[in-house]
Amino acid sequence: MKYVLVTGGVVSGLGKGVTASSIGVVLKACGLRVTSIKIDPYLNTDAGTMSPFEHGEVFVLDDGGEVDLDLGNYERFLDIRLTRDNNITTGKIYQSVLEKERKGDYLGKTVQVVPHITDAIKDWIESVAVIPVDGKEGPADVCVIELGGTVGDIESMPFIEALRQLSFSVGHDNFCLIHVSLIPVLGVVGEQKTKPTQHSVRELRALGLTPHLLACRSAQPLLESTKEKLSQFCHVPAGNILNIHDVPNIWHIPLLLRNQNAHHSILKQINLLSIATLPDLRDWTKMAETYDNLTDSVRIAMVGKYVGLTDSYLSVVKALLHACVACSLRPSIDWIAASDLEDDSAKLTPEAYATAWETLRNAACVLVPGGFGDRGVRGMILAAKYARENKVPYLGICLGMQISVIEFARSVMGIERANSTEFDAQTPNPVVIFMPEGSRTHMGSTMRLGSRITLFQTPDCVTSKLYNNSEYVDERHRHRYEVNPEVIGNLEEAGLKFVGKDESGKRMEILELPHHPFYVGVQFHPEFKSRPGRPSALFLGLILAATGQLEAYLSKHQNGS
């Protein structure tokens, strides 16, 4: 196995994840099979219990793993399906070591960070690296490892030491270290400064790791003089200093790396030049250039709780991008804080209230994504009501589906106190309830998680047609609450149709409102399986409906063309 390690220096948030994904894309374009590992040095066992404000969205894998959003980048860029073990955290490592200690596996030894924790990290990396993730048999050729955080952080020290040992044990020809760093420009002087990167590389070298390539983040392309200075003081050949400057869209990053011969430097370091081909990035080039040349856009109202941090809904944003590009459009997302739509906001913050409603009315479609807790729920219900009554295309995901059920029960069926037990445990009319198998005492990994089959109840529904008339769909879930099966009959009599259910037939997965351009709610998260060039069917349906093209699209595809 060949390992390519991506570390970061100077500051966090430099785009290590996109860099690591793009390196994987370029290596894959050279005919190699690639897998990925993300190391997160935090003590949480996984990302499942963290607020989106803390760490961006929680990405869900097929096996139910709740992981860092960078694994979403890997899956989208490389078109692979990872496992929960591809995300290593300090919590997981310590948990596995302490379980062994309690079992007596260490035979009375004093359990220490070195060698026990570091050995556990190495063993984990080496065992996960050989798991095939691209649907083929046998291990990949290259494993790209991203070390989260910044070099010098206390919490990442055991990982740095383990990776130093790994680089030594696998040998020089099997290990390549790429260090991502920042080249800032001071406003007054206007000069590209290399000193932060020099210090970062010095720190890395002091810890026993020497970078083979530098990936320098900057606003503008690096000057030759800057490259020479970096080469001289960081002991990296000038040809191995890559410049990842700001680009119009991130699909340009693999092209940027290819144009600087990054693949050649990496393949030379890990001794794969003889079996690799020249990188074939024609599809990526076409995708990046197509997006750059798009002029028309579509306005999408995103009504959610965590709109202050766009990374909270990263996969939803990417799924909208994939669907819009497929329709030759640019997505223009209008973020609306759900609480700004509520009546209380009209009194407390009248300007925010007026702006939110104006934004909602100007949008071509409405999307209510997933979330937890009762903040902003009344605003979401008002957004769903607006979309339903005004025939505006609507897609509700997870919580967004539950919101549409509550709104329908209240507004159409006249059940004023209809609610979810998540928001009102004492509601006399629970239309959304806690799942019977859920845990009320433990939060981590106790939801309904991962890929589950949804069976279509009728082929004569918009969703089934969008999924190419398949009998079922296999999408990823992440929820604790579900539509109350006892009220389904009444809801359907009133006009709401549940066209998708789980294999038991008791759990509602997809709802539609007939005689509406597009009013769909899904309990699953279709955004997690959306890919560039292969958009999620439901997001595509939303954008087609928003631009008045849905009926034509469905009739065209019904005729088998």
Practice problem: List the trypsin sites (Lys or Arg not before Pro) within the range 373-443 that fall in a DSSP loop (any state other than H, G, I, E or B) and whose Cβ has at most 11 other Cβ atoms within 10 Å. | Solution: Arg440
Self-check item: Vicinal HN-Hα couplings computed from phi for the range 62-68 (Karplus, 6.51 cos²θ - 1.76 cosθ + 1.60; Hz; Gly/Pro x)
Solution: 4, 7, x, x, 9, 10, 5
Quiz prompt | Net lengthening on full extension, Met157/Glu191 (0.36 nm per residue, minus Cα-Cα) | solution = 9.0 nm
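What dipole magnitude, in Debye to the nearest 20, does the range 433-532 give about its Cα centre under +1 on Lys/Arg Cβ and -1 on Asp/Glu Cβ?
In debye, rounded to 20, the range 433-532 gives about 440.
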Exercise. At 0.36 nm per residue, minus the direct Cα-Cα distance, what do Ser555 and Ala354 gain on full extension? Give it in nm, one decimal, please.
Key: 68.4 nm
Quiz item: From a point 7 Å beyond the Cα of Ile275 in the direction of its Cβ, which residues of the range 17-44 have a backbone N at a distance under 16 Å?
Solution: 27-35
Quiz item: Restricting attention to the range 89-195, which chymotrypsin sites (Phe, Trp or Tyr not before Pro) occupy a DSSP loop and are surrounded by at most 15 other Cβ atoms within 10 Å?
Solution: Tyr106
Exercise. Counting other Cβ atoms within 10 Å, keep those with at most 16, restrict to DSSP loop, and tell me which GluC sites (Glu not before Pro) in the range 454-488 are left.
Key: Glu471
Quiz item: Between Arg375 and Ser411, what is the spin-label point distance in nm, taking each point 7 Å from the Cα along the Cα→C-beta axis?
Solution: 2.5 nm
Exercise. Quick one: work out the % antiparallel among DSSP beta bridges in the chain, nearest 5.
Key: 35 percent
Self-check item: Simple spin-label estimate for Gln220 and Gln95 in nanometres, 7 Å along Cα-Cβ
Solution: 4.9 nm
Quiz item: Using the Cα atoms of the range 1-156 to build a convex hull, what is its mean projected area in square nanometres?
Solution: 9.9 nm²
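Among the lysines in the range 297-449, how many pairs, 8 or more places apart or on different chains, have alpha carbons under 25 Å apart?
For the range 297-449, the number of qualifying lysine pairs is 5.
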Quiz item: For the range 165-307, what is the convex hull (Cα atoms) projected area averaged across all directions, in square nanometres?
Solution: 13.2 nm²
Quiz prompt | Portion, in percent, of the accessible area of the chain that falls on carbon or sulfur, probe 1.4 Å | solution = 50 percent
Self-check item: Virtual spin-label span in nm between Ser504 and Val11, 7 Å along Cα→Cβ
Solution: 4.9 nm
Self-check item: Residue-normalised accessible area of the range 1-142, expressed per residue, 1.4 Å probe, Å²
Solution: 38 Å²
Quiz item: In the neighborhood of Ser22, defined by Cβ-to-Cβ distances under 13 Å, what is the net charge if each Lys or Arg adds +1 and each Asp or Glu adds -1?
Solution: +3
Practice problem: Pick out, from Met401, Asn174, Ile510, the residue whose Cα sits farthest towards the positive end of the charge dipole of the chain, with +1 on the Cβ of Lys and Arg and -1 on the Cβ of Asp and Glu. | Solution: Asn174
Quiz prompt | Gain on full stretching of the segment that runs from Asp343 to Gln457 - 0.36 nm per residue minus C-alpha separation | solution = 37.2 nm
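The values are calculated or read from the model by the stated rules, or taken from the named source; none is laboratory data. Note that the structure is a prediction, hence the values are computed from the model and not measured. Using ideal geometry, Cβ is built from the backbone for each residue, glycine included, and neighbour counts are taken over all protein chains shown. Calculation scope for accessible area: heavy atoms of the full protein, side chains included, ligands and nucleic acids excluded. Shrake-Rupley method; radii C 1.70, N 1.55, O 1.52, S 1.80 Å.
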